[in-house]
1. Just order 305-318, 265-278 by mean Cβ neighbour count inside 10 Å, highest at the front, would you?
2. Could you order the peptides 66-72, 88-94, 481-487 from most to least packed, using the average number of other C-beta atoms within 10 Å per residue?
3. Rounded, prolate or oblate: which fits the stretch 36-144 when a ≥ b ≥ c are the square roots of the eigenvalues of the alpha-carbon gyration tensor, with rounded for a/c under 1.5 and prolate only if a/b beats b/c?
4. Subtract the Cα-Cα distance of residue 74 and residue 286 from 0.36 nm times their separation in residues, and report this length gain in nm to one decimal.
5. Please list 3J(HN,Hα) in residue order for the stretch 413-428, calculated via the Karplus relation 6.51 cos²θ - 1.76 cosθ + 1.60 where θ = phi - 60°; whole Hz, with x for glycine and proline.
6. If I model a spin label as a point 7 Å beyond the Cα along the Cα-Cβ vector, how far apart are those points for residue 410 and residue 432 in nm?
7. Can you work out the FRET efficiency for the pair residue 49 and residue 11, with r the C-beta to C-beta distance and R0 = 41 Å, to the nearest 0.05?
8. Suppose all protein chains stay in the model; what accessible area per residue would a 1.4 Å probe give for the stretch 209-259, in Å²?
Amino acid sequence: MTKKIFLSIIAVSFLAVTAAIFLLTGVSYSHNADEAADSLRLNCTIISSAAELNGDEYLVGTDFGSLRVTWISESGQVLFDSSRDPLQLDDHSDRKEVEEALRSGSGNSERYSDTLMTKTVYYAVRISDGSVIRVSDEQMSFAAMLLKNLQPLVVILTVLALCSLISAIMISRRIVRPINDIDLDHPKIEKSYKELSPLLEKLRKQNGRINRQMIELRQSREQFSLITESMSEGLIIADQKANILTSNSSAYTLLGAECGTDDHTVFSLCRTEQFRRCIQDAMGGRRSECIISTDSGKRSVIASPANSHDTVNGIVVFVIDVTEQQQLETMRREFTSNVSHELKTPLTTIYGISDMLANGMVKAEDVGSLSSDIRNEADRLITLINDIVSLSKLDESSAPRQDEEVDLYDLSAEVISRLQISAKEKNVTAELTGDHVTVFGSRTILGEVIFNLCDNAIKYNREGGSFSVKVSHIPMKAIITVSDTGTGIPEKHLSRIFERFYRVDKSRSRKIKGTGLGLSIVKHGADYHGGTVRAESTVGKGTSFIVELPIDKQHGERTAESAS
């Protein structure tokens, strides 16, 4: 503002001085021109009178000084000229001043020379014989007069410029000082110009508004930080150059990067090619996704551009832990592969035997045996399909919930009774001990849990062995323990036996009827009721499976009463 005031004062002063110089020069020039015209008119009158009395003798014998005198006949021929040879001059009848003199008795005109910057003034008078006496004189033009006075004008302008400069500095500082002294945070109207009162009042209101907005902005930022920091997903917001504007700690944790300052780029968080390409695609205006591997698992990266009027102003990046999802996807593929294999085996056997029977390639005495094989493979196929359907229902929680009070002791006795034939074939004895414990759940699913545990206790037991089922309880939990005297399970396999189609000894398991889904059904059945299942085993001595199921308070009181 000081600069503008200073320059304005200098400019006004310069323009005022320049205008004054031009005005004074113009007035002086006009005054001199008028005096020169009057003098020329008087000289022309005197010379014309003398010439009329004495003729050309006067003209030839008189020194006219700077004046040029020309005698022109009525026809326009030059009879005499004080500066030139009359014979070399052309006809002057077309000259303006001559024409006027011939017509009205006198005339005048002016002619300018741009190259010489001079003005020639002519005045003509007609005498009694009809001829014309013309007198002319050269005068300085306005530009010539201005140039003549240039040196004193420059001195004057320099002096005035210095004075204007000093005055402008002092005045501008004096004008601006009260404005510079205004406290913008707490403006006081009485200490400033009255003309600024409306502005200062608006400034005071604006300060109040800004302070409120700053408080709201700070609160919003704190809320945003609180929300983003509570997210398990990683969030990164970056500008169009990939410089990180804000991020949460989950992003660094999931990407395995160290938290740094805000002056680094997104690319510094992960050096993999997939991550770099995903970020570059988003910066190019295209949403992109990729899966990257870190030391702690798989991460899904989703990068989206933030567009405004077809211009990418930045990017938003989400980082999600998909380790479990990827593991489930792997398990799904393995399950599909195992199901296909397990279905193919009995179907191949059935197809092969059927083809032999259809083509008459089987002896009559072997038809019964092969038909029995077809039935056994069909039973195996039906069992496998039923197990897959049961497992699928448990996975999708689509099994019909018909919860009721179930006495686990009675249900275990019923299951053992159903398996008596299988146990006799293997010469395995069964024992049921414990208390009558009641839970609220699905009788069908709980029956499948106990059935599969007991069925495995028979299948994987030694000849002449035994297994036991014990039903017990602790506060708010029912416990089913199924123990056998089989070969046991090596410790390294215990963590995987509940996976679908997982077999500890595949060569031995092929000889034993089963689908490989029994323990998976047990685990999902326990999960279905909010319970857990675990295995304890000693190689060569046997295995115990412990299922724990929750008991609500009401049923827990009933169980305690029945036990007492």
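The values are calculated or read from the model by the stated rules, or taken from the named source; none is laboratory data. Keep in mind the model is a prediction, meaning the values are calculated, not measured. As a convention, Cβ positions derive from the backbone with ideal geometry for all residues, glycine included, and neighbour counts pool all protein chains shown. Remember, those area values only see protein heavy atoms, side chains included, never the ligands or the DNA or RNA. Shrake-Rupley method; radii C 1.70, N 1.55, O 1.52, S 1.80 Å.
1. On the way: 305-318: 14.5, 265-278: 16.7.
Highest-to-lowest ranking by the protection proxy: 265-278, 305-318.
2. Working: 66-72: 19.1, 88-94: 12.6, 481-487: 21.6.
Output ranking for 66-72, 88-94, 481-487: 481-487, 66-72, 88-94.
3. Numbers: a/c = 1.55, a/b = 1.45, b/c = 1.07.
Here the stretch 36-144 falls in the prolate category.
4. Working: separation 212, 0.36 × 212 = 76.32 nm, distance 9.92 nm.
This chain segment gains 66.4 nm when fully extended.
5. In residue order, the calculated couplings are 4, 4, 5, 4, 5, 5, 9, 4, 5, 4, 5, 5, 4, 9, 6, 10 Hz.
6. 1.1
7. On the way: r = 57 Å, r/R0 = 1.40.
The formula returns an efficiency of 0.10 here.
8. Working: 3510 Å² over 51 residues.
In whole numbers, the stretch 209-259 has 69 Å² accessible per residue.
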